[in-house]
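Q: Sharing a structure with you now.
The values are calculated or read from the model by the stated rules, or taken from the named source; none is laboratory data. In this text, all values refer to a predicted model and were calculated from it rather than measured experimentally. All Cβ positions, even for glycine, are placed from backbone atoms using ideal geometry, and neighbour counts span all protein chains on display. Ligands, DNA and RNA are stripped out before the accessible areas are found, and what is left, the full protein with its side chains, is counted by its heavy atoms. Shrake-Rupley method; radii C 1.70, N 1.55, O 1.52, S 1.80 Å.
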Amino acid sequence: MDTVELARYLVGKVVVHGTDSGRLSARIVETEAYPVGDAAGHAFRGKTQRNRSLFLERGHAYVYLIYGTSFMLNVTSEVPGVGGGVLLRAIEPLEGIDEMMAGSHGTMRLADLGRGPGRLTKALQVDLSQDGLDLCAAGPLWLATTKRSIGTIGESVRIGITRGVDRLLRFYESGSAHVSGVKKLRQ
């Protein structure tokens, strides 16, 4: 499975974070692929201290801080030593909703809690301490499947980038109120 296939596959899966105060979980409703050779991807210029987790084996967390204010959670998608990843862009909260709302600093609408990658990590209490974790193994942060079926998976251009802007590498659950971006992309 390559990066683009993984981005599509992750829509409908569940991300779970076991915290000291309880379990937080949410369905992934939106992803973006950053495949090998993508000029918009963090791996494009090679391995650095900041992005070293992006070069781990498929299924690890790559967490980074953007603009000094928000953490981004990615899933590594290639073989060890090759950088590629899937950004988790939006979630539908399932467990620990009260705790997510308490930490949201004023976001009161359920649909807004995990709409966008910065809100997603805030809701799930993800920060740099989860960088490099194996999301496919037992631990505090992991990915799970669900029996709940997903609808149609839409695709569009990625949001907020300046390179590779015309590539259809954003995948989302069509009709989900939790998807980020303009309203027409949630339909």
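Q: What is the distance in Å between the Cα centroid of the stretch 138-158 and that of the stretch 15-46?
A: With the stretch 138-158 and the stretch 15-46 each reduced to a Cα centre, they are spaced 11 Å.
Q: Moving to a separate point now. Where nothing but the Cβ of Lys and Arg (+1) and of Asp and Glu (-1) is charged, how large is the charge dipole of the stretch 1-140 around its Cα centre, in debye to the nearest 20?
A: The calculation lands at about 260 debye.
Q: Which whole number in µm²/s is D for the stretch 31-167 by Stokes-Einstein, with the Kirkwood Rh taken over Cα pairs at 37 °C and 0.692 mPa s?
A: In µm²/s, the coefficient rounds to 208.
Q: Also, quick follow-up: Can you run phi through the Karplus equation (6.51, -1.76, 1.60; θ = phi - 60°) for the stretch 165-170 and list ³J(HN,Hα) in whole Hz, with x for Gly and Pro?
A: Taking θ as phi minus 60°, the curve returns 5, 8, 7, 7, 10, 10 Hz for the stretch 165-170.
Q: Given the rule -39500 (n - 2.57) for each run of at least 4 DSSP H residues, summed and divided by the residues of the chain, what is its mean residue ellipticity at 222 nm, to the nearest 500 deg cm²/dmol?
A: Estimated from H runs of four or more residues: -3000 deg cm²/dmol.
Q: Quick check for you: with a 1.4 Å probe and neighbouring chains kept, what is the accessible area per residue of the chain, in Å²?
A: Working: 8940 Å² over 187 residues.
Roughly 48 Å² per residue, with all protein chains present.
Q: Relative contact order (percent) for the chain, with alpha-carbon contacts under 8 angstrom and 6 or more residues of separation?
A: Answer for the chain is 26 percent.
Q: May I ask you to give the percent of accessible area on the chain that is carbon plus sulfur, with a probe radius of 1.4 Å?
A: Roughly 53 percent of what the probe reaches on the chain is carbon or sulfur.
Q: Cα to Cα, under 12 Å, and not fewer than 8 places away if on the same chain: which aspartates and glutamates meet these conditions relative to Lys13?
A: Glu30, Glu92, Glu173
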